[in-house]
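As structure tokens, the structure follows; a few thoughts come after it.
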Amino acid sequence: MTARIVMRLRVEEARPTTPEVLLLTLRHATKPELPAWAPGAHVDLRLPDGRVRQYSLCGDPAERGEWRLAVKREEAGRGGSRWVHETLRAGETVMVTAPRNNFPLAEDAARHVLIAGGIGITPLLPMARELARRGADFTLHFLARSRALVPLLEETEAACGGHLVTWFGDEGRRFDPSVLRPPGPADHLYACGPQRLLDALKETVWPEERFHHEVFQATLDENFKPEPFTARIASTGEEILVPADLSLLEALRRAGHAAPSSCESGVCGACICRYRDGVVIHRDQVLKLAERQDRMTPCVSRARVSVTLDL
């Protein structure tokens, strides 16, 4: 995997869109256009202390001169969003990677159903813009506790028009997956929001291959107890011991293997590698069930006893 481009971008505007959400507009200091992207794409913000945080692009892909990010302040988070809210102002600069898209629109879909929970609107808003531009059949369900806390509501209303259905708790409307009509053979469902929303949608009749979702926070089992195992490199026969207190990703790096990564929490897919045999304990949020037969995320996933890697 080739290294991702990292650019120093200028904050053109930093504007609160709700009391909790800061809307950033980023531009390049000298270049009139930024790399192209498609709806569903995200970028990495590289914080000064080396931390990396992923945020969806929520602007219009047709606007090549700027990128827009909406960042919700998470007081109980890992500190990245607090840094953004407390530090980034117009005129500041920030290191940003080129876009990656693990959450694209299905090109063969006849109907698209989009479900956004709060800040989960960020990857879905560009999808709605694109689908409206195409004249496609789509509906966007927007869920939040309160209308006052809904980020990007005006932009969403403008993009969707009559395709928008809102579910705001303070207005007495609470979303239930049962309101969704059964999927047709070419219908696709896209969701981004709290884990409880995604879990509820997983219990519906939508087939896994047509249910697409985006998460940026791992939901790992806190009771999981890592055990040591051995990773074998298929091409050379080299065996690498992975101790209980080390990830496979870090063990590979210490053994001298180039191991690309980004989030290192199992949600972005940057470090995915193939394996040939072994019982893998999958702990990521990005691979689909069928993909897990021969792929794993070495940043969080492990193996029982041993695994053979294709590197």
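The values are calculated or read from the model by the stated rules, or taken from the named source; none is laboratory data. The structure presented is a predicted model; accordingly, all values stated were derived computationally and were not measured. Please note: Cβ atoms are built from the backbone with ideal geometry, for glycine as well, and neighbour counts cover all protein chains shown. Heads up: the accessible areas ignore ligands, DNA and RNA and are worked out on the full protein's heavy atoms, side chains in. Shrake-Rupley method; radii C 1.70, N 1.55, O 1.52, S 1.80 Å.
Rounded to the nearest 20 debye, the dipole magnitude of the chain is 400 debye, with +1 charges on Lys and Arg beta carbons, -1 on Asp and Glu beta carbons, and the Cα centre as origin.
Spread over its residues, the convex hull of the C-alpha atoms of the chain is 151 Å³ per residue.
Between GLU75 and GLU12, the simple label model (points 7 Å from Cα in the Cβ direction) yields a spacing of 3.3 nm. Among the trypsin sites (Lys or Arg not before Pro) within the range 165-214, those in coil by DSSP and having at most 14 neighbouring Cβ atoms inside 10 Å are ARG173, ARG174.
Heavy atoms of the protein chains alone define the surface here; on that basis the range 42-182 has 43 Å² accessible area per residue at 1.4 Å probe size. On the basis of the beta-carbon distance and an R0 of 22 Å, ASP294 and ARG254 show a calculated FRET efficiency of 0.35.
Derived value for the range 172-212: Kirkwood hydrodynamic radius 11.0 Å. Basis is the mean of 1/r over every pair of different alpha-carbon atoms. In straight-distance terms, cross-link reach from LYS202 covers every one of the lysines whose alpha-carbon lies under 28 Å from its own, apart from those fewer than eight places away in the same chain; here that gives LYS72, LYS225, LYS288.
Within the shell defined by Cβ-Cβ distances under 12 Å, the residues around GLU13 carry a net charge of +2, with Lys and Arg each +1 and Asp and Glu each -1. With contacts taken as Cα pairs under 8 Å at a separation of at least 6 residues, the chain carries a relative contact order of 14 percent. Viscosity 0.890 mPa s, temperature 25 °C: Stokes-Einstein D of the range 224-311 from its Kirkwood Cα radius, in µm² per second? Estimated diffusion coefficient is 194 µm²/s.
A cut-off under 12 angstrom between Cβ atoms defines the neighbours of ASP108, and their net charge, with Lys, Arg +1 and Asp, Glu -1, is -1. Legend note: in the chain, cysteines whose Cβ sits 4.7 Å or more from every other cysteine Cβ are CYS58, CYS160, CYS192, CYS271, CYS273, CYS299. Average projection, convex hull of the Cα set of the range 9-79: 5.3 square nanometres. The modelled label-to-label distance between ASP137 and SER235, using points 7 Å beyond Cα along the C-beta direction, is 4.7 nm.
Here the gap between GLU107 and ARG276, fully extended at 0.36 nm per residue and compared with their Cα-Cα distance, gives a gain of 57.8 nm. Solvent-accessible area assigned to carbon and sulfur over the chain amounts to 48 percent, based on a 1.4 Å probe. Here is the list for the range 166-256: chymotrypsin sites (Phe, Trp or Tyr not before Pro) lying in DSSP coil, each with at most 12 other C-beta atoms within 10 angstrom of its C-beta, are PHE224. The spread of Cα positions in the range 18-151, taken along each principal axis and listed from longest to shortest, comes to 45, 39, 22 Å.
Entry note: the range 160-311 has Rg to Rh equal to 1.08, where both radii use alpha-carbon atoms and Rh is the Kirkwood radius. Summing Lys and Arg as +1 and Asp and Glu as -1 over all other residues whose Cβ lies under 10 Å from the Cβ of ARG295 gives a net charge of -1. Taking all protein chains into account, the per residue accessible area for the range 241-311 stands at 46 Å² (1.4 Å probe).
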